[in-house]
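Just so it is clear, none of the values below were taken in a lab; they were calculated from the coordinates. Bear in mind that the values here come from a model prediction, so they are computed numbers and not experimental data. Positions of Cβ are generated from backbone atoms using ideal geometry, with glycine treated the same way; all protein chains shown enter the neighbour counts.
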Amino acid sequence: MVGASWYVVATNWPAGGMPWLAWPAHAAALTATFLEITTRAFKIQASARAVRLNLKFSTALRVCLGGDFAAAITPARSGAEPARYLILAESGMPAGGRVMVLFLELFLEMVSLVVVCAVLAWMFAGRGASARGLLALVSGYSTFVLVAGAVGFMLSRRNANGPPPAWARRIGLGAGRWRRVQHVLRQTRSSVTLLRDARPGMMLLALGGSILHVCFKVAALPALVFLGDRAFAATMDTLAPLVLYPLALFYGGVVVPAPGGGGFIEGAFAATLKGAIPVGIFAASLVWWRFYTFYLYIVVGGLAAGNAALRAIRRSSAITQE
């Protein structure tokens with residue numbers, strides 16, 4: 001990732017030297033990052049309370065940050081959910097509650113993406129085929145996850161117990177693998193059953209927090225660009241690529257197997273946004289955008305994950321001594 005950033009910066013170095021973005025740009029981007037983390041933690045806390053689970057805001061914040069750290073250092077962000085699960089376990093939440101909170105977090109994320117994409121499609125209507133394509137990509141990803149969850153729930157009603165059916169054997173799912181699939185199906189069924197009894201008011205609050213967190217996630221780059229170069233006019237045409245392309249990179253980069261995108265994010269940023277950002281601040285925009293949306297999460301998330309791990313070790317040592 002550092003190598004990719006270095007290459008993009010070196011090939012786009014401005015003639016007058018490397019510019020430093022004005023402090024209002026950094027203040028705005030840092031504020032957007034803070035609000036993104038805060039609203040996401042609120043979403044997790046409200047989700048837990050919607051299904052009558054007590055979760056402190058500080059714990060929800062650690063869940064967010066620890067998951068961000070694990071997602072950043074594992075292939076295809078695969079470590080995010082296990083890390084969140086372990087932090088919830090360290091807080092003392094029962095196993096069923098942990099699964100339910102993580103299920104709701106993912107469900108609300110997908111719903112909020114569909115809502116945000118629908119609003120952006122209305123805002124940037126007529127701004128070109130690229131806008132429609134990017135919004136279709138992100139909303140299609142969200143719809144796929146929601147449909148996959150619905151299919152899993154339907155399967156759980158008939159196939160959560162017993163030997164593997166004929167179609168499962170035909171695709172290579174033996175008895176051992178099918179038991180693991182059944183375990184996931186039973187968890188899905190119990191999560192959806194609990195969701196039926198969720199408090200509607202708290203669910204709406206959680207959804208609102210999820211929508212806001214997506215909005216703040218994509219606000220960092222426009223803040224850096226428009227406040228970094230005051231001469232660059234902020235119009236719907238100039239705003240569209242600064243919002244739509246980062247949204248696609250955030251959620252499209254999940255399919256890249258290398259941790260943190262392995263340089264794909266930086267390369268795609270240069271390929272898609274080179275003509276949308278003033279030349280004088282393009283290199284600086286990439287560096288600081290990645291800092292406020294990725295590297296800062298590694299630092300803060302590492303502290304949160306480390307503190308949770310140390311508390312778990314101390315607790316285990318105390319139990320052993322007793």
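Each peptide in 231-239, 209-217, 246-254 gets a packing score, the mean of other Cβ atoms within 10 Å over its residues, and the list from highest to lowest is 209-217, 246-254, 231-239.
Per-residue packing, averaged as other Cβ atoms within 10 Å, sorts the ranges 97-110, 69-82 into the order 97-110, 69-82, beginning with the highest. Which of the lysines could be linked to Lys56 by a straight reach, that is with a Cα gap under 17 Å, when you skip same-chain ones fewer than 8 residues away? Straight-line reach from Lys56, under 17 Å: Lys43. Per-residue extension of 0.36 nm, minus the Cα-Cα distance of Leu30 and Ala233, leaves a gain of 70.9 nm for this segment.
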